[in-house]
Each structure stands twice: as C-alpha cells, then as structure tokens.
Amino acid sequence: MRTLTLVFEPFETVKEAMAETFAHVRSYEILETLKMDYQEGICIEIIEFTLKEGASIQDIRTVGNLEVLSVLKSIDSKHTCLVKYTEPEETKRGFGESDLGLIHTIPTIISLEKFTVSVIGERKNLSDFIETIRTHAGTITKMAFRRAAYQKADILAVLTDKQREVMIAAFQNGYYDYPRKISSKRLCRKVNISKPTLLQHMRKAEGRILTEIMTGYFQKLK
C-alpha cells in the first residue's frame, strides 16, 4: 500500500461544474472521510471551509450537491463542518464505477485554481486513479508517493457510552440533516434524558470527535 498525493489544475469543465460551490467558498479541505458509499452515491465527511470575504456559513448550508449537516467549529472565515455529498442520479452510475478501492486521506484541499488530492491504495489502483484524473479532471503538476501510514480507528471510541448513544441516535433520526428531521425535544424523549443533558452530551461529543480528528491531522503534518 502506498500514499499518492496529486496536485492538478482542473479543466474548465470541472471549474464550471463547481462554480456554484465556490460562489462563497475560497477553498475547502477534507479533514476526514467518515463514509463513502459509491453504490448509493453518498459521502459523509468532515470539511473545513474557508469562505470568501463577506460570505456567511448560512450561504453554504446547501450548495450544489453538498449539504452542511452541522457546524462543528467556526473561527473567522474558517468553518469546520459535518457534510453530506449526494451524487446526482444522472451521474450516480459513473460515480459507482469510479470505486477503485482507495482510501481518501490528507492533505485533500480543493479550490478552483488547484486541487491537492491524497489517496492510499495498491499500485495498480493508484495508476488507474492517475489516468482518471488526467482524462477527466485536470492537468497534473505535481505527484508524490510515500509508504502508507494510515491507521483507521473507530472515532466514536473517544466518546463515553452515553455520548455515543446520543450521537448515534441523533444521526439516525436526522438531527444533523438540514433541515432537521427531529427536534432536540423529541430526540431527548427517544434517549430518555432531559433536553439540557442531551445538549450537553452532544456538545461534549462533538468537541471530542473534532479534537480526535484535528490531533491526528496535525500529527500527520509533523
């Protein structure tokens, strides 16, 4: 297994397809891919958006095929969010066929001018990925390989049993959907705790998950 990091300049067709996303966004960085379902065309990720001057996080709650489920952290123009990507029906088949058995990792930073994409996989699959980028996405300007050092852990293991129960119930019942499918009042009944206790568990759980992601991220950068 090897890690491949590519830097490429996107084709004009790619820029046009992503124009709506970048109307308010300067760039975004994928910090963690939590779920990638190629057959269903669904991806759940932790993404840090850097917004353009004057833009608000409300401007990108739903942009193109990206949906912000929850804002985990905001500092000035940077917003770390739980995001759901849904592939359009007309391209879902092609999306499913693009599954090369790769693990998406960091750094993965996207802007209209430059894409930096990192994946882990076997040599043959990485070669196929490179060819796909060259054919459909853009002109590669940099390419680097290194030995893979990826260790996937259960991110929910950093939570207490109750925090884990609350977060799973919140996700399954659509609390993090936009718009929300369940209120905090109804959710607290499902997990049989008071609303203040529910919100306290969720805030602490979100903080622990984000800390776990960011700690691992900065360790990889050293």
Given charges at beta-carbon only (K, R positive; D, E negative), |dipole| of the chain in Debye
1060
Using Cα springs under 10 Å in a Gaussian network model of the chain, which residue among Val25, Val14, Val166 shows the largest mean-square fluctuation?
Val14
Sequence gap at least 6, Cα distance under 8 Å: using those rules, report the relative contact order of the chain to the nearest whole percent.
25
For the range 122-209, the Kirkwood Rh over every pair of distinct alpha carbons, in Å, works out to 16.5
Average the reciprocal distances over every distinct pair of alpha-carbons in the chain, invert the result, and give the Kirkwood radius in Å.
18.8
For every helix of n ≥ 4 consecutive DSSP H residues, a contribution of -39,500 (n - 2.57) applies; sum these over the chain, divide by its total residues, and give [θ] at 222 nm rounded to the nearest 500 deg cm²/dmol.
-9500 deg cm²/dmol
Could you give the spread of the C-alpha atoms of the range 1-66 along their three principal axes, from largest to smallest, in whole angstroms?
43, 25, 21
With angles folded into 0 to 90 degrees, how steeply does helix 195-221 sit against the dominant principal axis of the chain? Use alpha carbons for both and round to 10.
30
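Read-outs throughout are calculated quantities, based only on the coordinates presented, and are distinct from any laboratory measurement. This is a predicted model, so every value here is computed, not measured. As a convention, Cβ positions derive from the backbone with ideal geometry for all residues, glycine included, and neighbour counts pool all protein chains shown.
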